[in-house]
Amino acid sequence: MAESMQGLHRTCRCAEVTTDMIGREITLMGWVQKARNKGGIVFVDLRDRSGIMQLIFENGSIDEEGFEKAGKLRSEFVIAATGVVEKRGGAVNANLSTGEIEMRVKNLRILSESEVPPFPIEENSKTKDEVRLKYRYLDLRRPDLQRNLMLRSQVAMLTREFFRKEGFLEIETPTLCKSTPEGARDYLVPSRVHPGSFYALPQSPQLYKQLLMCSGYDRYIQIARCYRDEDLRADRQPEFTQIDMELSFVDVDDVIDVNERFLAYLFKEVLNVEVPLPIQRITWQEAMDRYGSDKPDLRFGMELHDVSEVVKGTGFAVFKNALDNGGSVRGINAQGQGAMPRKKIDKLVEFAKTYGAKGLAYVAIAQDGSLKSSFAKFMTEEEMDALVAAMDGKPGDLLLFAADKNKVVYDVLGALRLEMAKQMNLLDKNVYRFVWVTEFPLLEWNEDENRYQAMHHPFTMLMDEDLPLLDTDPGKVRAKAYDIVLNGNEIGGGSVRIHQNHIQERMFEELGFTREAAYEQFGFLLDAFKYGVPPHAGLAYGLDRLVMLMSKMDSIRDVIAFPKVKDASCLMTKAPGAVSGQQLEELCLQIKEKE
């Protein structure tokens with residue numbers, strides 16, 4: 001029978017008890033991690049979010065009724081216990097911060113009993129994700145998940161504190177917004193008051209924060225909830241949290257400066273990790289040429305080599321065709337992997353095909369310097385030697401090549417570089433390598449719609465010197481855009497915004513908007529720009545992804561209290577679900593069966 005805690009007050013949390021408190025009477029409350037009944041004595045590990053404290057129940061120090069209750073304790077019972085802190089009578093537990101002490105219980109109340117949980121409440125659970133997420137309220141009791149969420153809370157509080165000192169104002173923006181056509185799909189919310197009309201949940205507070213700059217709030221910050229109706233990955237959820245900011249009267253260097261100091265502060269305070277400043281910067285083009293990715297992982301080398309000039313004129317048709325079609329031939333050197341069995345190389349070929357490659361060419365260099373290659377018969381000995389030299393190949397190395405259009409080559413080798421790094425154990429989670437990627441292309445070509453689209457969004461400013469290219473070669477225009485990348489993950493991105501009306505209108509024109517269509521979608525912003533708008537720029541971090549990397553997790557699910565699964569559903573609450581006919585009627589909606 002559950003008891004009341006009337007008259008009892010918790011003195012402290014379990015792991016807050018120290019050796020300085022020996023001899024003091026305290027009251028602890030929490031969950032039973034495990035109970036061991038040794039006959040005349042009962043040992044209980046009591047757990048709360050701070051950690052574990054060992055309790056001792058012994059006849060003589062607790063009355064007979066209390067001792068009898070102690071004998072009935074099971075895992076996940078919620079109890080309150082009052083007693084005296086003592087030095088441990090048995091062996092010290094070096095794995096616990098409270099390993100030298102225990103509490104001899106004088107009074108026990110069972111506040112709530114528990115059925116046997118569907119899985120053990122323990123760190124690094126091997127239970128299937130589906131079961132853990134169905135019983136997420138139990139899963140969240142695990143110490144490792146509790147540490148993650150406490151770290152997330154600390155990050156959020158430190159973020160607010162840092163930006164407050166930097167003169168930022170925290171301002172909330174609406175979560176019922178107007179739907180806009182660019183970017184991912186919106187989540188739509190039907191309006192009861194305006195039948196047939198819909199709000200959209202914000203993909204970001206982008207337009208509102210730009211309007212705040214027009215309104216004179218020159219430094220804005222918000223920890224904002226955002227929503228995107230898109231396919232999920234390990235580091236993506238349909239609803240997520242951004243650390244969102246915007247600044248007036250600034251350019252690229254100003255935004256980068258305040259954010260470098262923020263990252264250095266955050267990593268020092270939370271992880272005691274020093275982030276050397278300034279953080280390295282590379283352009284988007286350099287990132288693609290060297291790493292095959294616009295979010296390069298700099299914890300290891302294995303950079304791409306462009307060998308197009310070296311293989312030009314050779315007899316290997318795959319290389320020749322790629323170059324004839326305006327593509328390139330590039331490779332990576334997986335040092336020390338020259339003895340890789342053919343079966344594993346074949347698996348790498350299949351892996352490359354999933355990124356658009358038709359195949360993968362390779363050269364394995366034996367320890368004696370002899371070459372084993374998939375294409376050596378199509379090239380002379382001198383051509384092969386020149387290729388190996390261009391790749392800095394040494395005995396024992398494995399050289400892997402992709403030949404195709406540049407985009408395919410980058411995608412394939414960028415992914416292959418990471419795959420080889422995993423296989424070679426080069427990805428150290430204790431190392432944090434930051435890099436700014438700058439000067440992104442302003443536009444990218446959409447094959448399906450046969451038009452350019454904004455690589456970031458339509459409000460991104462182009463590099464001043466590239467303005468003439470908008471008329472002559474739009475694909476070569478660079479944006480004043482910047483991403484901050486950590487260990488191969490984009491943790492934040494932003495840009496300087498367009499604040500001149502004529503450039504904004506020209507940008508819409510390039511994206512295929514008529515003047516009328518632009519005003520239909522963004523008229524409120526364009527109108528605001530008529531009344532004096534300051535130059536402004538911003539950046540937003542993915543808080544979930546940042547915390548995932550700081551806590552060394554592989555999935556953002558492990559740093560979000562109640563995440564969703566791949567089909568954007570919640571296994572615990574069964575959301576999304578059906579609604580009543582009355583609700584649909586009020587919203588003037590009708591469900592049509594999908595054929």
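The values are calculated or read from the model by the stated rules, or taken from the named source; none is laboratory data. Bear in mind that the values here come from a model prediction, so they are computed numbers and not experimental data. Cβ sites come from the backbone with ideal geometry, for glycine too, and all protein chains shown count toward neighbours. These accessible areas exclude ligands, DNA and RNA; they are computed on the full protein's heavy atoms, side chains included. Shrake-Rupley method; radii C 1.70, N 1.55, O 1.52, S 1.80 Å.
Kindly report the accessible area of the chain per residue (heavy atoms of protein chains, probe 1.4 Å, no ligands, DNA or RNA), in Å². All intermediate terms of the calculation are to be shown ahead of the outcome.
On the way: 30140 Å² over 595 residues.
Ligands and nucleic acids excluded, the result is 51 Å² per residue.
Tell me, what HN-Hα J-couplings in whole Hz come from the Karplus equation 6.51 cos²θ - 1.76 cosθ + 1.60 at θ = phi - 60° for each residue of segment 239-245, using x for Gly and Pro?
10, 8, 10, 10, 8, 10, 9
For the chain, what relative contact order do you get, as a whole percent, if you take Cα pairs closer than 8 Å and at least 6 residues apart?
Working: 1090 pairs, mean separation 75.5, N = 595.
Relative CO of the chain lands at 13 percent.
Students often forget the sequence filter, so: which aspartates and glutamates lie under 18 Å Cα-Cα from Lys128 once same-chain residues fewer than 8 apart are removed?
Asp139, Asp144, Asp554, Asp558, Asp567
Rule-of-thumb check for the chain: C-alpha Rg over 2.2 N^0.38 Å?
On the way: Rg = 30.1 Å, N = 595, 2.2 N^0.38 = 24.9 Å.
Computed over Cα atoms of the chain, the ratio equals 1.21.
If you roll a 1.4 angstrom probe over the protein chains with everything in place, what fraction of the accessible area of the chain belongs to carbon and sulfur, to the nearest %? Spell out each step's value before the answer.
On the way: 14930 of 30140 Å².
Exposed carbon and sulfur together represent 50 percent of the surface.
Report the charge-dipole magnitude of the chain in Debye, nearest 20, computed about the Cα centre from +1 at each Lys and Arg Cβ and -1 at each Asp and Glu Cβ.
Working: 77 positive and 91 negative charges, 430 e Å.
Using Cβ point charges on Lys, Arg, Asp and Glu, the chain gives about 2060 debye.
With everything on Cα atoms, drop me the angle between helix 143-165 and the longest principal axis of the chain, reported from 0 to 90° to the nearest 10.
Roughly 70 degrees between the two axes.
For a quick protection proxy, order the peptides 476-489, 567-580, 61-74 by their average other-Cβ count within 10 Å, most packed first.
Numbers: 476-489: 20.9, 567-580: 12.1, 61-74: 15.6.
Top to bottom by mean Cβ count within 10 Å: 476-489, 61-74, 567-580.
Express in Å², to the nearest 10, the accessible area of Arg281 obtained by rolling a 1.4 Å probe over the protein heavy atoms while all chains stay in place.
110 Å²
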